[in-house]
């Protein structure tokens, strides 16, 4: 006796559809940042635009670690400072008092060497801190940053003590001096876009997906065969590369690198920038950097320079209280309410 035939419904296979990730808002923002120097003054181009892009790039490294790796590191400005100091030490002498310290290598050798040293330092910091979580990670990275600050402050044979390295010159390539407002802005914009796109790509790659899984449940990821420690150290290396590029640009922007550039105030400022913008998206640190630089530049017209930290602290407190996800959280809340109102009106 033959068994009755059972019809099995196979799932429908949909043809591959290419979805363009570029939206109209992306094109508008890109055109705006490209055209910004042509309608803005050199002051706004350099002091606001260039500085915000560089600080946003350094804060992007913290957003990558904290937002997607679950590791809040206060040592990202330390890594950027190591890159700045390394460039000043490896490159041509910045001033007469540093002539006996600087090695006088070409600028491109100094840049490559500075980034390599900073990445190795980031790997070492990650190796120290990846076996801890939460407040212990913050304290270890803070201790590393404070130790490096006092090392730069008290060491004269390598770091030139409290004076640091003055008059650091950005290179001149093809007759273009990269410290000028327009070239520096586009240089910072190029590396900011490169860092942003690289992080966006990496988050969708297997490494980024595994890193986010480790952030959510490291024990389960370890049980699935992923090396949690190796992934976290690799994340520190990636973040260190981003921070190192920002550190070299920051040294060119300021024209100097001193212990004050790597002090606790700047370590906390990078954290504030990342939290202000929001750590749920790579664009967040750049939004936070714009707000921070605008307040830093124009707050002295309203309050005294000594009270600037009070203004930053007030803005930071308001953001944390009313929108834990920063400016991006506010935007998402406003957007959702707008969509709900439109849907209600249609009904």
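For this structure, a couple of remarks:
- Residue within region 163-176 that is in a helix (DSSP H, G or I) and either in the same structural domain as residue 64 (by TED's automatic domain parsing) or touching a helix residue (DSSP H, G or I) at 6+ places or on another chain (Cβ under 8 Å) (or both) present: yes
- When residue 214 is tested against the conditions (1) within 19 Å of residue 245 (Cα to Cα); (2) in a helix (DSSP H, G or I), the lone failure is (1).
- Condition met for residue 186 (farther than 22 Å from residue 76 by Cβ, under 21 Å from the mean Cα position of the chain (by Cα) and assigned by TED's automatic domain parsing to the domain that holds residue 75): yes
- Residue 280 meets each of the listed conditions (1) in a helix (DSSP H, G or I); (2) surrounded by fewer than 21 Cβ atoms within 10 Å (Cβ to Cβ) apart from (1).
Here's the yes/no breakdown for (1) at pLDDT 75 or above; (2) surrounded by 11 or more Cβ atoms within 10 Å (Cβ to Cβ); (3) within 13 Å of the chain's Cα centre (by Cα); (4) not assigned by TED's automatic domain parsing to the domain that holds residue 215:
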position	(1), (2), (3), (4)
252	yes, yes, no, no
256	yes, yes, no, no
259	yes, yes, no, no
271	yes, yes, yes, no
287	yes, yes, yes, yes
317	yes, no, no, yes
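- Close pairs (7 angstrom Cβ cut-off, 6 or more residues apart or separate chains): without any contact (Cβ under 8 Å) to a residue 12 or more places away in the chain in region 127-138, assigned to a helix (DSSP H, G or I) anywhere: 132/140
- Every condition in (1) surrounded by 18 or more Cβ atoms within 10 Å (Cβ to Cβ); (2) part of a helix (DSSP H, G or I) holds for residue 201 except the one numbered (1).
Yes/no per residue for (1) more than 25 Å from residue 147 (Cβ to Cβ); (2) surrounded by 24 or more Cβ atoms within 10 Å (Cβ to Cβ); (3) in contact with a strand residue (DSSP E or B) (Cβ under 7 Å, 6 or more places away or on another chain):
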| site | (1), (2), (3) |
| --- | --- |
| 37 | yes, no, no |
| 40 | yes, no, no |
| 47 | yes, no, no |
| 54 | no, yes, no |
| 59 | no, yes, no |
| 72 | no, no, no |
| 75 | no, yes, no |
| 82 | no, yes, no |
| 85 | no, yes, yes |
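- Meeting the requirement of 2 or more residues that are farther than 22 Å from residue 279 by Cα and over 17 Å from the mean Cα position of the chain (by Cα), the helices (runs of 4 or more DSSP H) wholly within region 47-131 are 76-90, 107-129.
The values are calculated or read from the model by the stated rules, or taken from the named source; none is laboratory data. The model shown is predicted, which means the values in this text are computed figures rather than measured ones. Positions of Cβ are generated from backbone atoms using ideal geometry, with glycine treated the same way; all protein chains shown enter the neighbour counts.
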